Every structure is written in structure tokens, then in C-alpha cells.
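S.K.: Structure incoming, see below.
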Amino acid sequence: MKKILIFCASVGLCLALWLGYRLKAPSHYGAAIAADAPVVKMAEAYADADRHMSGAVVMEGRITRQCPSSGCWFYLDDASGKQVKIELGHMGIKFPQWVGKSVRVEGRLLKNKDELELVGTGAEFF
């Protein structure tokens, strides 16, 4: 009987640890984020947008606003006073409402009037 209780406790502990890991693991959508893609701060991107439009960049921050119907776009804020619109609708995936959640996105920067927009190829939500 003692061995059965120890076995059950061990299995329960393993399941609890696995579940805790799964809840903390980031949710990933799209292509893997390249390790060599430069991380660009939003203030830096606004200050010299043309320099960052030639290749893929990574931006990190918190979601402040999100598409209410399918989550296909959101605004990212990195506490620098600037925000960038992130467009992920072309990926054809519906995203949960994650306002306030942290995210890391890789993609290409575009100018849209006075705003910058990042067309994402991959995103990790934390």
C-alpha cells in the first residue's frame, strides 16, 4: 500500500510540473524567430525607419490594443513612448485576446502615413 501511495504521489507531482511548464511556455505562431535578427526598440525605429526597413527585425513589448474579432493585428508598446502596429492577419490564424500580454515579433517594417507597421512572420506570446 505504501508503494502505491508513493507511486501515485510521484505521478501527480510529475503531472503538476508538466502542467506548470506548459502554462508558462510561450505560445508560438508562424515561422521561428531568427536568432540573428536584430532587436529594434520602437523609438529607434521611428528615429531612423529607413535603416530598419531593409530586412527582418524583432520587436518586443506589451499588447495595448488588439483586433476585437480575430486578434489579427495589435499595437505593441515597449514603454518608450512609441507604439507599432503589428499585422499578423496574412498568417490566417485567429489569435486570442491577449491585451496586456508580452510578445516578441519578427517581421518587416513598413511606413503607413505617420505610423510604423510591422508585418510579422513569427510571434511568441508570453
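S.K.: Identify the residue in region 100-126 that is in contact (Cβ under 8 Å) with a residue 12 or more places away in the chain and loosely packed, with under 13 Cβ neighbours inside 10 Å and, among all such residues, is nearest to Ser54 (Cα to Cα). Please lay out each step first, then the result.
M.R.: Applying the first criterion (in contact (Cβ under 8 Å) with a residue 12 or more places away in the chain) to region 100-126 yields 100-112, 115-126.
From what is left, the residues that are loosely packed, with under 13 Cβ neighbours inside 10 Å are 100, 111-112.
Working: Gly100: 30, Lys111: 12, Asn112: 16 Å.
Filtering region 100-126 for residues that are in contact (Cβ under 8 Å) with a residue 12 or more places away in the chain and loosely packed, with under 13 Cβ neighbours inside 10 Å, the one nearest to Ser54 (Cα to Cα) comes out as Lys111.
S.K.: Another question, then. If you check Lys94, Lys82, Lys101, which single one turns out to be under 15 Å from Ser27 (Cα atoms) and modelled with pLDDT under 90? So that I can check it myself, show each step before the final result.
M.R.: Numbers: Lys82 fails: under 15 Å from Ser27 (Cα atoms); Lys101 fails: modelled with pLDDT under 90.
Only one candidate passes the filter, namely Lys94.
S.K.: For region 44-70, how many residues meet the condition of being part of a loop (DSSP other than H, G, I, E, B), under 20 Å from Phe125 (Cα atoms) and either out of contact with any Lys or Arg (no Cβ under 9 Å at 6 or more places or on another chain) or modelled with pLDDT of 90 or more (or both)? Give the derivation first.
M.R.: Keep residues of region 44-70 that are part of a loop (DSSP other than H, G, I, E, B), which gives 48, 53-56, 67-70.
Restricting the remaining residues to those that are under 20 Å from Phe125 (Cα atoms) gives 56, 67-70.
Filter once more, keeping what is either out of contact with any Lys or Arg (no Cβ under 9 Å at 6 or more places or on another chain) or modelled with pLDDT of 90 or more (or both): 56, 67-68.
Going through region 44-70 one residue at a time, the tally reaches 3.
S.K.: Of the residues in region 30-45, how many are surrounded by 12 or more Cβ atoms within 10 Å (Cβ to Cβ) and among the acidic types (Asp, Glu)?
M.R.: Of the residues in region 30-45, 1 are surrounded by 12 or more Cβ atoms within 10 Å (Cβ to Cβ) and among the acidic types (Asp, Glu).
S.K.: Turning to a different aspect of this structure: Out of Arg104, Arg108, I need the residue that is closer than 18 Å to Phe126 by Cβ and of a type in the set (Lys, Arg). Which one? First the steps, then the outcome.
M.R.: Details: Arg108 fails: closer than 18 Å to Phe126 by Cβ.
Of Arg104, Arg108, the one residue that is closer than 18 Å to Phe126 by Cβ and of a type in the set (Lys, Arg) is Arg104.
S.K.: For region 96-108, name all the residues that are more than 14 Å from Asp78 (Cβ to Cβ) and either in a strand (DSSP E or B) or in contact with a His (Cβ under 8 Å, 6 or more places away or on another chain) (or both).
M.R.: Across region 96-108, the qualifying residues are Glu106, Gly107, Arg108.
S.K.: Identify all residues within region 62-83 that are on the phi < 0 side of the Ramachandran plot and within 13 Å of the chain's Cα centre (by Cα); write none if there are none. Steps first, answer last, please.
M.R.: Going through region 62-83, the residues on the phi < 0 side of the Ramachandran plot turn out to be 62-70, 72-78, 80, 82-83.
Scanning region 62-83 gives Arg62, Ile63, Thr64, Gln66, Cys72, Trp73, Phe74, Tyr75, Leu76, Asp77, Asp78.
S.K.: Do we find a residue being modelled with pLDDT of 80 or more and part of a helix (DSSP H, G or I) anywhere in region 31-43? Before you say what the answer is, go through the steps one by one.
M.R.: Filtering region 31-43 for residues modelled with pLDDT of 80 or more gives 31-43.
Imposing the further condition that a residue be part of a helix (DSSP H, G or I) reduces the set to 42-43.
Scanning region 31-43 turns up at least one residue that is modelled with pLDDT of 80 or more and part of a helix (DSSP H, G or I).
S.K.: Among what's in region 71-95 and is in contact (Cβ under 8 Å) with a residue 60 or more places away in the chain and part of a loop (DSSP other than H, G, I, E, B), pick the residue that is farthest from Lys41 (Cα to Cα).
M.R.: Step one: of region 71-95, the residues in contact (Cβ under 8 Å) with a residue 60 or more places away in the chain are 91, 93, 95.
Now drop any that are not part of a loop (DSSP other than H, G, I, E, B), which leaves 93, 95.
Numbers: Ile93: 26, Phe95: 24 Å.
Within region 71-95, the match that is farthest from Lys41 (Cα to Cα) is Ile93.
S.K.: Is there a residue in region 107-117 that is under 14 Å from the mean Cα position of the chain (by Cα), within 16 Å of Ala43 (Cβ to Cβ) and not aromatic (Phe, Trp, Tyr)? Explain how you work it out, then say what you get.
M.R.: The initial filter retains those residues of region 107-117 that are under 14 Å from the mean Cα position of the chain (by Cα), namely 107.
The next check asks that each one be within 16 Å of Ala43 (Cβ to Cβ); those that pass are none.
No: region 107-117 contains no residue that is under 14 Å from the mean Cα position of the chain (by Cα), within 16 Å of Ala43 (Cβ to Cβ) and not aromatic (Phe, Trp, Tyr).
The values are calculated or read from the model by the stated rules, or taken from the named source; none is laboratory data. Note that the structure is a prediction, hence the values are computed from the model and not measured. Glycine also receives a Cβ, built like all others from the backbone with ideal geometry; neighbour counts cover every protein chain displayed.
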